[in-house]
1. Give Ser98, Ser60 a once-over and let me know the one that is closer than 21 Å to Glu213 by Cβ and not aromatic (Phe, Trp, Tyr).
2. What residue, of Lys174, Lys134, is in a helix (DSSP H, G or I) and touching a residue at least 24 places away in the same chain (Cβ under 8 Å)?
3. For region 100-144: of the residues being under 17 Å from Cys156 (Cβ atoms) and among the β-branched types (Val, Ile, Thr), which is surrounded by the fewest Cβ atoms within 10 Å (Cβ to Cβ)?
4. Just for strands (runs of 3 or more DSSP E) wholly inside region 17-111: which have at least 2 residues that are within 23 Å of Phe184 (Cα to Cα) and touching a residue at least 12 places away in the same chain (Cβ under 8 Å)?
5. Hey, can you tell me all the residues within region 231-240 that are surrounded by fewer than 16 Cβ atoms within 10 Å (Cβ to Cβ), under 21 Å from Gln305 (Cβ atoms) and in contact (Cβ under 8 Å) with a residue 24 or more places away in the chain?
6. Only one of these conditions is not met by Tyr249: (1) in contact with a Leu (Cβ under 7 Å, 6 or more places away or on another chain); (2) free of Cβ contacts under 8 Å to residues at least 24 places away in the same chain. Which number is it?
7. Of all strands (runs of 3 or more DSSP E) completely enclosed by region 187-306, which ones contain at least 3 residues that are at pLDDT 80 or above and farther than 24 Å from Asn39 by Cα?
8. Give the residue that is nearest to Tyr283 (Cα to Cα), with candidates limited to residues of region 30-65 that are surrounded by 14 or more Cβ atoms within 10 Å (Cβ to Cβ) and among the acidic types (Asp, Glu).
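The values are calculated or read from the model by the stated rules, or taken from the named source; none is laboratory data. This structure is a prediction, so every number in the text was calculated from the model and none was measured. Cβ placement follows ideal geometry from the backbone for every residue including glycine, while neighbour counts extend to all protein chains displayed.
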Amino acid sequence: MKKIPVNIISGFLGSGKTTAIVQLLHEQISNEKWAVIINEFGKISIDSLIICNSLPTFDSIFNISGGCICCSSKEYFTESLNQIVNTLDFDRIIIEPSGLGGIDMVSKIVKMNLQLYLVNTICMVDITGLENNKLQINPIYQLQIKNSDKIVLSKCDLQTDKAEENRLIELFKKKFPNKKYQKFISENDLGMDEFLEQKISSSNLDKIEKLDENYRITHFNINANIVFDMKKLSNFFNCQSEIVRAKGYLRTKTNWNLCNYTLTGFQTELCSNKESNILIVIYMKGDNTNAEKIKIEIEKTIVCQY
């Protein structure tokens with residue numbers, strides 16, 4: 001029986017995993033059928049919504065929400081893999097673990113299925129975060145890079161100064177001298193053949209589990225009539241050291257926006273109208289921050305209700 005190739009596309013929160021998958025789906029070979037497994041730390045799968053908005057006809061997304069597939073949700077992950085294999089209908093599987101997850105347990109589960117074979121494990125690395133100390137010292141970030149076969153430097157399109165881009169690339173090579181890498185400019189061809197190179201993964205994985213135990217998540221699903229001030233929201237996120245990620249669809253006075261906050265900054269892009277305001281926030285567990293405090297502060301960024 002022909003085995004199905006599996007690619008794991010990992011990376012820390014906000015590193016560009018979903019953007020890369022959307023690009024790959026645009027470029028995929030027309031006579032092949034792919035399945036995409038999306039793992040969200042929270043119960044709302046914003047990443048799946050992003051893929052569906054970018055590719056309305058793509059209908060082979062398998063959502064695993066509410067925990068990382070490398071630990072708390074690994075049983076659901078195994079079930080999804082078996083479901084995909086049993087259909088006998090897919091030519092490739094792309095797996096996007098949670099940004100708080102590793103690839104060790106994911107790789108192990110894939111390798112246990114005799115109808116699958118694991119090719120390149122890929123780690124997306126935000127080039128704009130290479131000098132962000134909070135990100136660089138994060139053990140999850142470090143292990144995701146160390147345990148991958150190939151690095152893709154994302155958000156290169158945000159570097160308008162070529163000399164600065166080259167400096168950051170040299171900085172990455174100095175920090176991780178043994179890692180093979182390529183650049184990813186989202187507007188241009190990703191280079192699918194190289195990105196998904198048919199090379200069996202040989203990562204020397206460090207065993208680490210329960211990567212999500214130091215993090216918490218809170219969700220907001222608010223009436224579409226509520227309007228937010230993006231500047232106030234950006235200021236709030238940038239001032240809260242415990243918050244590591246926020247994303248969702250929010251309404252402003254003039255339009256709807258897909259909002260993305262990572263440790264390297266806050267970004268928005270226009271999107272179509274939504275049925276409700278949706279936002280997820282991931283934060284470090286601690287005494288100074290909890291879901292109720294975050295909710296109160298985010299409510300302060302509401303400017304009106306239509």
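1. Just one listed residue meets the conditions, Ser98.
2. Details: Lys174 fails: touching a residue at least 24 places away in the same chain (Cβ under 8 Å).
It is Lys134.
3. Thr128
4. Strands (runs of 3 or more DSSP E) meeting the threshold: 34-40, 92-96.
5. Lys232, the sole residue that qualifies.
6. Every condition holds for Tyr249 apart from (2).
7. The qualifying strands (runs of 3 or more DSSP E) are 226-228, 302-305.
8. To start, the set of residues in region 30-65 that are surrounded by 14 or more Cβ atoms within 10 Å (Cβ to Cβ) comprises 34-42, 44-55, 58, 60-65.
Next cut, among the acidic types (Asp, Glu) only: 40, 47.
Values: Glu40: 14, Asp47: 18 Å.
Result: Glu40.
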